[in-house]
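Beneath this line is the structure, given in structure tokens, with notes to follow.
The values are calculated or read from the model by the stated rules, or taken from the named source; none is laboratory data. Note that the coordinates shown come from a computational prediction; the quantities given were computed from them, not determined experimentally. Glycine gets a Cβ as well: all are built from the backbone with ideal geometry, and neighbour counts include every protein chain shown. When the accessible area is computed, the model is the full protein with side chains, heavy atoms only, and any ligands, DNA or RNA have been set aside. Shrake-Rupley method; radii C 1.70, N 1.55, O 1.52, S 1.80 Å.
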Amino acid sequence: MKSILINGTGSFIPEKIVSNEQFLNNHFFNADGTKIPNSNEVIIRKFKDITGIENRRYASDNELSSDLALKASIIAIEESGIDKEILDGIIMAHNFGDIPLNSIQTDVLPSLASRVKHHLGIKNPECFAFDILFGCPGWVQGVILAKQYILAGGGKNYLVIGSETLSRVVDPFDRDSMIFADGAAAAVISEIETSDKKGILATACRSFTEDEAFYLHYDESNNKDLNTGTKYIKMEGRKIYEFALIQVPAAMKACLDKSGIDISDLKKVFIFFS
């Protein structure tokens, strides 16, 4: 029996730790440019109560998103035990490309997946590499694509990566900036002979854009005195939260229904977000 499964994983979290206390001297504004009346102590305490976040990791000054991706990929390939030259493809999920420190310009040419392939030293020209922009569930969608390629006869081994350096695109005057951080993860998706039913049994994907398309978007700083055309990552936090409460369980149920597995048979449920 052949199964498609996660054959190796790797992750890389930068060393630089940024605590909530490091935001105490920030000046926070609402989206309309008005100053938030609460003290930073109150803002940060409420933020921790809602999110549970006390610390986050930022990339070092000389690290790019593709650098984090490379480090995670090396670990995943080593864990899988395969020769990197037999990879049939590299799929990298991100949203902002490589952004040098203190730069306002994203860099996506060549693709970040191609950069990772280059730095891995893979010579095989049949190992194609491309990026996908798919928002928060980008890495999951990369796994789905890898599975579909394998099912279609397009090879047996794919490296799927998710990486971001969101600290480079946050508005320091927006309290939501405390949510975002940096890191990378990678997995080798392989078709393997197995004696029993296991691996990626089913997938489900949904896209909502009628009202939800701009829940995450680019916009100018909340500090209207500093707007010079530079744009930062923005989100409708409460709308995303309410959306997730309804739509994520529905997508999970759709996936379970496809798999034929009852929820009572599950040992663990992992909710992936970025």
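Shown here for region 244-274: trypsin sites (Lys or Arg not before Pro) in loop regions (DSSP other than H, G, I, E, B) with at most 15 other Cβ atoms within 10 Å, namely 267, 268. If one computes the Cα centroid of region 75-141 and of region 145-179, what distance in Å separates the two points? So the separation of the two Cα centres works out to 9 Å.
Quick one: pull the percent of accessible area on the chain belonging to carbon and sulfur, 1.4 Å probe, ligands and nucleic acids left out. Spell out each step's value before the answer.
Values: 8550 of 15610 Å².
Carbon plus sulfur share of accessible area: 55 percent.
For residue 7, the residues whose modelled amide H falls within less than 5 Å of its own, excluding neighbours fewer than 5 places apart on the same chain, are 188, 189, 190.
Sorting 15, 54, 191 by accessible area puts them as 15, 54, 191; the probe is 1.4 Å, largest comes first, and only protein heavy atoms count. Here the simple spin-label model places points 7 Å from the Cα toward Cβ, and for residue 148 and residue 19 these points are separated by 4.6 nm.
Along region 8-25 the Karplus relation, 6.51 cos²θ - 1.76 cosθ + 1.60 evaluated at θ = phi - 60°, assigns HN-Hα couplings of x, 10, x, 9, 9, 10, x, 7, 5, 9, 10, 8, 4, 4, 6, 9, 5, 9 Hz to successive residues, with x for each Gly and Pro.
Backbone amide hydrogens, once placed in the peptide plane, bring residue 134 within less than 5 Å of 94, excluding anything fewer than 5 places away on its chain.
When the Kirkwood radius is taken over all Cα pairs of the chain, what Stokes-Einstein diffusion coefficient follows at 37 °C and 0.692 mPa s, in µm²/s?
So the translational diffusion coefficient is about 161 µm²/s.
Membrane-span-like helices in the chain, defined purely by DSSP H runs whose alpha carbon atoms cover 15 Å or more axially and whose average Kyte-Doolittle hydropathy reaches 0.0, are 65-80, 138-151, 237-259.
A 1.4 Å probe, protein heavy atoms only, puts the accessible area of residue 19 near 20 Å².
From largest accessible area down, sort 252, 178; use a 1.4 Å probe on the protein chains. Working shown, then result.
On the way: 252 75, 178 0 Å².
Correct descending sequence by accessible area is 252, 178.
Computed over the chain, the per-residue total of -39500 (n - 2.57) for DSSP H runs of n ≥ 4 gives a 222 nm mean residue ellipticity of -9000 deg cm²/dmol, rounded to 500. In plain terms, the bigger the Kirkwood radius, the slower the diffusion; for region 150-204, with that radius from Cα pairs, at 10 °C and 1.306 mPa s, Stokes-Einstein puts D at 107 µm²/s. Projected label points at residue 245 and residue 214, each 7 Å from Cα along the beta carbon direction, are separated by 2.5 nanometres.
Considering only 180, 29, 214, the mean-square fluctuation computed in a Gaussian network model of the chain, springs between alpha carbons under 10 angstrom, is largest for 214.
Per residue, how much accessible area does the chain show when a 1.4 Å probe rolls over the protein heavy atoms, in square angstrom? All intermediate terms of the calculation are to be shown ahead of the outcome.
Working: 15610 Å² over 274 residues.
In whole numbers, the chain has 57 Å² accessible per residue.
With Rh defined as the Kirkwood radius, the inverse of the mean 1/r over Cα pairs, the Rg/Rh of region 65-194 is 1.01. In order along region 200-206, phi translates into HN-Hα couplings of 7, 7, 6, 9, 9, 9, 9 Hz, rounded to whole numbers, per the Karplus curve 6.51 cos²θ - 1.76 cosθ + 1.60 with θ = phi - 60° and x for Gly and Pro.
If you sort 118, 94, 217 by accessible surface, 1.4 Å probe, largest first, the order is 118, 217, 94.
For residue 171, the residues whose modelled amide H falls within less than 5 Å of its own, excluding neighbours fewer than 5 places apart on the same chain, are 233.
What translational D, rounded to a whole number of µm²/s, comes out for region 123-274 from Stokes-Einstein when the hydrodynamic radius is the Kirkwood one over Cα pairs, at 4 °C and 1.567 mPa s? Working shown, then result.
Values: Rh = 18.4 Å.
It comes out at roughly 71 µm²/s.
Karplus-based coupling profile of region 171-177, in residue order and whole Hz: 8, x, 9, 10, 4, 5, 4, with θ = phi - 60° in 6.51 cos²θ - 1.76 cosθ + 1.60 and x standing for Gly or Pro.
Excluding same-chain neighbours fewer than eight residues apart, the aspartates and glutamates reachable from residue 35 by a Cα-Cα span under 14 Å are 174, 225.
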